[in-house]
Amino acid sequence: MVMFVLDDGVKLGPTASGKCQKSVKEVSTSVKSHEIVCYLQLYMKNNSYFLLSGTLFLLLLGLSACSKNQDTFSATTKVALREAGHQLLLASNDSTSLVQPVAVVDKLTYELSFERPLAITPDSLVTIIKNSFEKAELPSHYITELVRCEDVAVAYSYLIREQEARGIVPCKGRVLPKACYTVSVRFTKEPAVSTRDSTLLYIPALGFVAILAFVYYHKNQNGMPSAKKEDFVSLGSYKFYPEQNKLSKRGIEINLSRKECELLVLFLEHPNEVIQRDTLTKRVWEDHGVIVGRSLDTYISKLRKKLQDDKAIKLTNVHGVGYKLELS
């Protein structure tokens, strides 16, 4: 059997619910499935709120990554179109008028307009937009329409695809008359997500699964072994660490055997009360399937010696009845 032990001495194995177990660090090449489940269950119990808050954080992180990817694409498209508009004005021998702010029609459609009328050559329009998009590393699959402002009619349009031979670019070499135009660009596919961002997009799904696991765990935790965080019990001038099987006094550690530890736990549950021999024997020995004649007296004697430096602590033998832990 494999027993997992944390650095603070808390056992995370199938017997972790028992008190005063020795801190045994053991490694095995064969780990049974129920032991791994036990380990994970106890870890979730001790860290459930941390796990839940961490899961919620991951969900928010993944959702923000989705939003950030779209925002980056939109901002990049606007910059590329404004650069294309500037080049179109220069090609029309206009170096003074302004390119109007790029309008976002929807997440895939953008419109570019100008302050003054201009003459546009289809060849220049195709080349300028293509070069600008390539520099900005934008998708190479879109439809461009040149719309007249006066009647909203499409004066010219073309289709660009990833494979250049499949694109449709008509009427090359013709010059469109000087007029007020709006350049509309509509991407025909959703923008590709970078490797980094695509990894982040999995986070919401993983977070959702983690929340389901969290809820399922809390619904089915009845009867699950518990492992409380390491702590000590004050016993006179001593500090008693039941999970580490030890006493501590002014920085000096006193090791306890498993039986000594279990006896001391039982005495501390009933301070200044007489505990019958049969009760002590049953709780510490018989529950483990072993009964040894005078073993109780031997362990009481050892425990008494380890507590003898504090005169306020006495382990008293009540003849014919049992023992009592007297604290003053």
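Out of S140, S184, S157, I need the residue that is modelled with pLDDT of 90 or more, under 22 Å from L81 (Cα atoms), hydroxyl-bearing (S, T, Y) and crowded, with 16+ Cβ neighbours inside 10 Å. Which one? Steps first, please.
Working: S140 fails: modelled with pLDDT of 90 or more; S157 fails: modelled with pLDDT of 90 or more.
The match here is S184.
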Please verify whether R250 is free of Cβ contacts under 8 Å to residues at least 40 places away in the same chain, out of contact with any His (no Cβ under 8 Å at 6 or more places or on another chain), of a type in the set (K, R) and in the same structural domain as T281 (by TED's automatic domain parsing), treating the condition exactly as stated. yes
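So how many residues does segment 127-163 have that are closer than 16 Å to T188 by Cβ and of a type in the set (A, V, I, L, M, F, W, C)? Steps first, answer last, please.
So the first thing to find is which residues in segment 127-163 are closer than 16 Å to T188 by Cβ, and the list is 129-130, 133, 138-145, 157-163.
Add one more test, that the residue is of a type in the set (A, V, I, L, M, F, W, C), and what stays is 129, 133, 138, 143, 159-160.
The total comes to 6.
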Checked pairs for segment 134-152, first touching a residue at least 60 places away in the same chain (Cβ under 8 Å), second among the small types (G, A, S) and outside any loop (DSSP other than H, G, I, E, B), C-beta under 8 Å and 6 or more apart or across chains, list as A136/A80; L138/A80
For segment 250-308, the count of residues that are within 43 Å of the chain's Cα centre (by Cα), modelled with pLDDT of 90 or more and small (G, A, S) equals 1
Only unsatisfied item for Q100, checking (1) in contact with a Ser or Thr (Cβ under 8 Å, 6 or more places away or on another chain); (2) farther than 21 Å from T188 by Cα; (3) touching a residue at least 40 places away in the same chain (Cβ under 8 Å), is (3)
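The values are calculated or read from the model by the stated rules, or taken from the named source; none is laboratory data. It should be emphasised that the depicted structure is a prediction, and the values quoted were computed from it without experimental measurement. For neighbour counting, all protein chains shown are included, and Cβ atoms are generated from backbone atoms with ideal geometry for every residue, glycine included.
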